1. Regarding residue 222, is this residue under 23 Å from residue 371 (Cα atoms) and among the aliphatic types (A, V, I, L, M)?
2. Only one of (1) modelled with pLDDT of 95 or more; (2) in a strand (DSSP E or B) fails for residue 307. Which number is that?
3. Which members of the range 106-131 meet the condition of being surrounded by fewer than 19 Cβ atoms within 10 Å (Cβ to Cβ) and closer than 20 Å to residue 81 by Cα?
4. Can you name the condition, by its number, that residue 245 falls short on among (1) surrounded by 16 or more Cβ atoms within 10 Å (Cβ to Cβ); (2) under 30 Å from the mean Cα position of the chain (by Cα); (3) within 29 Å of residue 216 (Cα to Cα)?
5. Could you tell me whether the range 211-225 includes any residue that is part of a strand (DSSP E or B), free of Cβ contacts under 8 Å to residues at least 60 places away in the same chain, touching a strand residue (DSSP E or B) at 6+ places or on another chain (Cβ under 7 Å) and small (Gly, Ala, Ser)?
6. Any residue that is part of a strand (DSSP E or B), closer than 23 Å to residue 44 by Cβ and acidic (Asp, Glu) - is there at least one of those in the range 401-417?
7. Looking at the range 329-358, which of the residues that are among the aromatic types (Phe, Trp, Tyr) and assigned to a strand (DSSP E or B) is nearest to residue 404 (Cα to Cα)?
8. Let me confirm something: among 385, 393, which residue is open to solvent by less than 60 Å² (accessible area, probe 1.4 Å) and closer than 23 Å to residue 228 by Cβ?
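The values are calculated or read from the model by the stated rules, or taken from the named source; none is laboratory data. Since we're looking at a predicted model, the values are computed, not measured. Note that we place each Cβ from the backbone using ideal geometry, even for glycine, and neighbour counts take in every protein chain shown. When the accessible area is computed, the model is the full protein with side chains, heavy atoms only, and any ligands, DNA or RNA have been set aside. Shrake-Rupley method; radii C 1.70, N 1.55, O 1.52, S 1.80 Å.
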Amino acid sequence: MRRLGIRSLIWMAVWILPSLSWGSGLNRNGFGARSMGMTGADLASAKDALSALGMNPAQLAFLERPQVAFSVVGALADGTYRRPGLPEGTLSGNSGLFPEFALALPSRRGVVYGVSLIPDTTRRAEWNYRDAPGGIDGATTYGDFEHLSSNIAVRGAVGAAYRVNDRFALGLSGGLTFQENRLRTPYVFQSQPVLAGFKTQLDLQAEGFGPNAEIGFVWVPLKNLRIAASYRSPTRFQSQGTAQGNIGVQLANLGLGSVNPAFSYDAEVETEIPQQLNAGVSWKPFEKLTLNGQVEWIDWKNAFQELPVRLRSGNNPAINALVGSSQLTDVVPLDWESRFVYRAGAEYALDDQWKVRGGYSYSESPVPDDTLLPLTAAISEHTLGVGLGYRKGPLVVDVGYQYDLPASQNSGESRILNGEFDNGDTEIATHWLVLTVVWEF
């Protein structure tokens, strides 16, 4: 019943998950169509509860009427993986949709309350490429394979903001994030003393919850100028699940084909969504034009140093005898680097009803060359965005489009055992389309 309930939650929050690549590591470039049309550059100028609770809860204080906001976001990804001596691999380009929801309620005491359910990360990479020869004997391969890596994080949050005076507002939100991790691929054990170098088919799935908090402020030193900052705490997970696999090809290549190759374990995976510090400015040089600038620091270095995987209650007697235990731990090196994200956006009012938007964001890839895999290639760096908004009374409808420009990276001499990913070239690009409807009541 517990698993059924969690599955239901995931499918309510994420309808049809796309294969995605992300700028800024795994992070999204904005929440809601208005924000995404400016590539997320609205920390100091959020106009709806989605963007406020996604990045800076202090912006809730400037929402004068109750409102409900709902978004549908779609994505289409494209990618290639090339390695000397092997056919070209491809990233599945299937499109998908996922929703965002937020509600803001001003009170008589001057406090504005908000609730939201927003996917922070919906990264699902499905690659089709041939497994390179490797393993402990250097020749083990599982052939053409549909590799899957999935990292889904959906944050439910409650927040409140208070406008201290006409020039200053504070906001705070507390969240509980559900995360699901999935890995299906030929896996080479990296650090386990006995199994290091062994290659096996692996299907691992784990899920868990992690708490977090966000605090922010907005300062209005001049009528046409806003300055804002926010901080999001790290979210740590100890996800529980299962790991199943078949090590048959590796055993056969070692002359052990008579050994039962199938195995199953209870799994525990430690992951973290990093802490983040943001600062932004919004300036209206004249009434119809708003210019936004933003800088973010994301602490990938402390969050993505390594990926510990703990396996317990193994059911294969032969593997248990080889390891000397029914449990084992393997650690995959990551060594991501902390990065700054730079965003710029503009909004222009054509008249009282129509607005147009544009934006650009840049962040250097946090993934080092020597731990790069197609399944972890969150390498997008440059993003362009455009958007259009329409208002009729209490109804606001926004559409936005983003394009993560093609990004490529070479793994060089890989640190991942045993050379299967040496000199691999990964290239990714993604198109995004988002529709947001806001109703004030």
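1. So residue 222 fails the test.
2. Tallying (1) modelled with pLDDT of 95 or more; (2) in a strand (DSSP E or B), residue 307 fails exactly one: (1).
3. Scanning the range 106-131 gives 128, 130.
4. Looking at each condition in turn, residue 245 falls short on (3).
5. Within the range 211-225 (the criterion being part of a strand (DSSP E or B), free of Cβ contacts under 8 Å to residues at least 60 places away in the same chain, touching a strand residue (DSSP E or B) at 6+ places or on another chain (Cβ under 7 Å) and small (Gly, Ala, Ser)), the answer is yes, since at least one residue qualifies.
6. Taking every residue of the range 401-417 in turn, none turns out to be part of a strand (DSSP E or B), closer than 23 Å to residue 44 by Cβ and acidic (Asp, Glu).
7. 342
8. One residue alone meets the criteria, 385.
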